[in-house]
Amino acid sequence: MRIALAQTNPLIGDVDGNLERILRAIDAARRGGADLVLLPEQAILGYPAKDLLLRREVIERNVAALQRLRDAARDLAVVVGFAEPNEQPHGRPVFNSAAVLAGGEIVAIRRKRLLPTYDVFDEARYFEPAGPQPLVELRGRRIGVTICEDLLSEPMFGRSLYACDPVAELAAAGAEIILNLSASPYCIDKASWRERHIGEHAARSRAPIVYVNQVGGNDELLFDGASFACDATGRCIARAAAFEETVSVVDLDAPREPPPLPERIEGLHAALVMGLRDYVRKCGFESVVLGLSGGIDSAVTAALAAEALGAAHVHGVAMPSRYSSAHSLVDARTLAENLGIRFSVIEIGAIHDAFERTLTPHFAGRAPDVAEENLQARARGAVLMGLSNKFGSLLLTTGNKSELAVGYCTLYGDMCGGLAVISDVPKTLVYELARHINVSAGRDLIPQNTIDKPPSAELRPDQFDQQTLPPYDVLDAILERYEERMESRDEIVAAGFDAAVVDEVLRMMQRSEYKRQQAAPGLKVTTRAFGSGRRMPIAARHPR
């Protein structure tokens, strides 16, 4: 059987536009000689549609679109994800379903059984879980249809989350092929995990598994595509491109050696470029503006923006103050020239002086501290927001995950913006990304001095990050253990980290929760980002 892996990039809620993408994918599959076209989970609405799923007219439009697909399935079979209304008098309003179309008709509907309700997933809010799903017969083959978590579930908290295994049940029923429609978000190293995990299922089931994944950025979530097929031994026999909307036809009876997955840093680079491009375009913007400090974070963000949108659509602004070093302005200008983006210099001295003159009488009797320092950051935020408003450009904020974790950022200052491009990228990985960008370009897009110099906020004379923070390699290691591995303070100390440093990092992190909950949306690239999947109280006593 020849199966087309049609990984589409939907705009959530754009039923007509998504239907056109699906029809184009079916046409491409037909030209490629496919017998069956496999499309992603919720391909008609886009995933995750969130509270749009609660609107009756949205569900009705998605059902009507499914009916319009029947003509496209006259000469080949199509399996497509959609939101199926729950006609029962109880339960959630919709099922997360897959429609099987053949001969111009809907010949079967199969429903998702395992509904993830953790991290960024909240499917139990909308979808009704299904019971056991029977096999479908197509072209003389007995086929099992699964949807994302039905196949991709893994233990959490040291135990299985679910009492059943849909794949094992389908295999026991005699499935000869197992299909999986997915919308599985990217995070670093996840694609290789998926292939290992699904390959193990295929080997246990003694049946090929064909997996198709959504591609594209939808708000904070980045979907990498990277659809693939495994044979009955668990060996990967076909793989679609990552981070691209493609249609790839796999012949289960004539497997080929698949191309390799992107390397770790290459995948991160591609994910951020795709996520930035899709967020900007899907939100209706044509250009972006950002501050260029001469530092590593704004340099990497600008390079990603220029690649994602084209240099003509990126405006970098340097905003020196009396504390800015001469080399910072040189580095910012050099970066802009290397990238070919528009560059402006706006001095903030007069704005900063006006703030200080206005507030100094009210600060009388108190020693200067971060309140005065942060006036500079807030002046820059006001300048950038003014440019954003006037020219209709999306403001990119440039802070990294390490800074956001410990609150080393200014609310209503450098945190101003509509998208935080690298807010889930730890500082040590920002440096690695900068070096990768230069290597990929074959020249120093990001000035070497920007990479080499000690990081500084330049809000006071001779200021450097490490006067306030531990070395970034230490900080990032502590944060990874505490946030991603969920280790306790004592476990981190037992691993060899200085107790006083760990205590200070956790103190800073817990005190800055209110900042993170006011931050711009970011692009999720790690297993635990400071986004919708992390639900922490602000007014609380946190464990140490």
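Readers should treat all values here as calculations from the given coordinates under stated rules, not as data from a laboratory. Just so you know, these numbers come straight off a predicted model, no measurement behind them. As a convention, Cβ positions derive from the backbone with ideal geometry for all residues, glycine included, and neighbour counts pool all protein chains shown.
Please give the calculated 222 nm ellipticity per residue for the chain, where each DSSP H segment of at least 4 residues contributes -39500 (n - 2.57) and the sum is spread over every residue; nearest 500 deg cm²/dmol? Each step should come with its number before you reach the end.
On the way: 17 runs with 194 residues, N = 544.
Theoretical 222 nm ellipticity from helices: -11000 deg cm²/dmol.
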In region 255-269, which residues have a backbone nitrogen under 15 Å from the label point lying 7 Å from residue 235's Cα in the Cα-to-Cβ direction? 255-259
Gyration tensor (alpha-carbon) shape descriptor, region 269-516, a/c threshold 1.5: oblate
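Which order do the peptides 500-511, 359-370 come out in when sorted by mean C-beta neighbours inside 10 angstrom, highest first? Write out the running numbers ahead of the final one.
Values: 500-511: 16.5, 359-370: 9.2.
Highest to lowest by the protection proxy: 500-511, 359-370.
Of the cross-linked pairs 390/524; 50/282; 427/524, which ones have a Cα-Cα span greater than 24 Å in the structure shown? List each step's numbers first, then the result.
On the way: 390/524 29 Å; 50/282 16 Å; 427/524 15 Å.
Checking Cα-Cα distances, 390/524 exceed 24 Å.
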Helix 349-359 against the longest principal axis of the chain: what's the angle in degrees, Cα atoms only, rounded to the nearest 10? 80
Between 0 and 90 degrees, rounded to the nearest ten: what's the tilt of helix 264-282 against the longest Cα principal axis of the chain? 90
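Can you say what percent of the DSSP beta bridges in region 2-254, counting only those with both residues inside, are antiparallel? Round to 5.
Values: 36 of 53 bridges.
For region 2-254, the DSSP antiparallel bridge percentage is about 70.
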Taking amide H positions as placed in the peptide plane 1.01 Å from N, state which residues far from residue 44 in sequence (5 or more) or on other chains have amide H under 5 Å from it. 81
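Please report the antiparallel percentage of the DSSP beta bridges confined to the chain, to the nearest 5. Mind showing how you got there, number by number?
On the way: 36 of 66 bridges.
Percentage antiparallel, nearest 5: 55.
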In Hz, Karplus ³J(HN,Hα) per residue of region 426-440 (6.51, -1.76, 1.60; θ = phi - 60°; x = Gly, Pro): x, 4, 4, 6, 4, 4, 4, 5, 4, 5, 5, 4, 5, 5, 4
Could I have the simple spin-label model distance between residue 256 and residue 344, label points 7 Å from Cα toward Cβ, reported in nm to one decimal? 5.0
Classify region 1-63 as rounded, prolate or oblate from the Cα gyration tensor: take a ≥ b ≥ c as the square roots of its eigenvalues, call it rounded if a/c is under 1.5, otherwise prolate when a/b beats b/c and oblate if not. prolate
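Taking a ≥ b ≥ c as the square roots of the eigenvalues of the Cα gyration tensor of region 253-373, is the shape rounded (a/c under 1.5), prolate (a/b larger than b/c) or oblate? Don't skip to the end; give the middle numbers.
On the way: a/c = 2.77, a/b = 2.48, b/c = 1.12.
Prolate is the answer for region 253-373, as a/c is 1.5 or above and a/b outweighs b/c.
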I need the phi-derived Karplus couplings for region 85-100: 6.51 cos²θ - 1.76 cosθ + 1.60, θ = phi - 60°, integer Hz, Gly and Pro marked x. x, 8, 7, 6, x, 9, x, 5, x, 9, 9, 8, 10, 10, 9, 9
Only one of the listed values, [x] 82, 51, 48; [y] 86, 58, 37; [z] 104, 47, 45, was derived from the coordinates as Cα extents along the principal axes in Å; which label is it? [x]
Go ahead and collect, in residue order, the members of region 137-166 whose backbone nitrogen is under 15 Å from a label point 7 Å along the Cα-Cβ direction of residue 107. 137-145
Between residue 142 and residue 542, what is the spin-label point distance in nm, taking each point 7 Å from the Cα along the Cα→C-beta axis? 5.3
Have a look at 447, 428, 352 and report the one farthest towards the positive end of the charge dipole of the chain, computed about the Cα centre with Cβ charges (Lys/Arg +1, Asp/Glu -1). 352
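How would you order 221-227, 429-435, 375-381 from highest to lowest mean count of nearby Cβ atoms within 10 Å?
Numbers: 221-227: 27.1, 429-435: 20.0, 375-381: 23.6.
Per-residue Cβ counts within 10 Å, averaged per peptide and sorted highest first, yield 221-227, 375-381, 429-435.
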From phi via Karplus (6.51, -1.76, 1.60), per-residue ³J(HN,Hα) for region 231-242 in Hz, x at Gly/Pro: 7, 6, 9, x, 7, 6, 10, 6, 8, 7, 5, 8
Between 0 and 90°, nearest 10: helix 370-391 axis offset from the chain longest Cα axis: 50
